[in-house]
1. So for region 44-51 (the condition being within 20 Å of Asp31 (Cα to Cα), loosely packed, with under 13 Cβ neighbours inside 10 Å and assigned by TED's automatic domain parsing to the domain that holds Pro24), does at least one residue qualify?
2. Is it the case that Glu14 is modelled with pLDDT of 85 or more and either outside any strand (DSSP E or B) or under 17 Å from the mean Cα position of the chain (by Cα) (or both)?
3. With Gly23, Gly34, Gly79 as the choices, which residue is assigned to a loop (DSSP other than H, G, I, E, B), crowded, with 16+ Cβ neighbours inside 10 Å, at pLDDT 85 or above and over 12 Å from the mean Cα position of the chain (by Cα)?
Amino acid sequence: MGPEFIVPPGSSFEEKLGGLPEGPGVYLYKDRRGRVLYVGKAKSLKSRVRSYFQRGAAHPPKTAALLAEVRDLELILTGSEREALILENNLIKKERPRYNVLLRDDKNFPYLKMTVRPLFWPLPSRRQRPQGPSLGGEILPGRHLP
């Protein structure tokens, strides 16, 4: 199952918060101009997104500043947590949101470079390079595998 957009564009922010799905996916917080401020993933979109907007919740200053700017929400439902993890990483690289500081740099999931030399020696890499040997990836930590 590929990514699926859940909430129809044009719905109000309150309607979107009221109709959050239980499944895994990615959420994008946007400012009043429609620019992506933050990309996050969740096992349960409903629980994770609502946790930001609970009354009396004490948020760190960075999160409070983010929430003060949020005017819109976009949801993408995925088939699994693993798919949400990869989609979140790709969206952060593409959109470069201001509040996602950890994954904005050039780091990426590791790849394995497989060569056809007499001695097999996998070479880990963080960049996709189209030189000669085949490249396998994206390699996820074991806890993300089924």
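1. Residues of region 44-51 that are within 20 Å of Asp31 (Cα to Cα), as a first pass: 45, 48-51.
Next cut, loosely packed, with under 13 Cβ neighbours inside 10 Å only: 51.
So of that shortlist, the ones also assigned by TED's automatic domain parsing to the domain that holds Pro24 come out as 51.
Yes, that holds for at least one residue.
2. Numbers: modelled with pLDDT of 85 or more: no; either outside any strand (DSSP E or B) or under 17 Å from the mean Cα position of the chain (by Cα) (or both): yes.
Taking the combined requirement at face value, the residue does not satisfy it.
3. On the way: Gly34 fails: crowded, with 16+ Cβ neighbours inside 10 Å; Gly79 fails: crowded, with 16+ Cβ neighbours inside 10 Å.
Unique residue meeting the criteria: Gly23.
The values are calculated or read from the model by the stated rules, or taken from the named source; none is laboratory data. Because the structure is predicted, anything quoted here is derived from the model rather than measured. All Cβ positions, glycine included, derive from the backbone under ideal geometry; neighbour counts span all protein chains shown.
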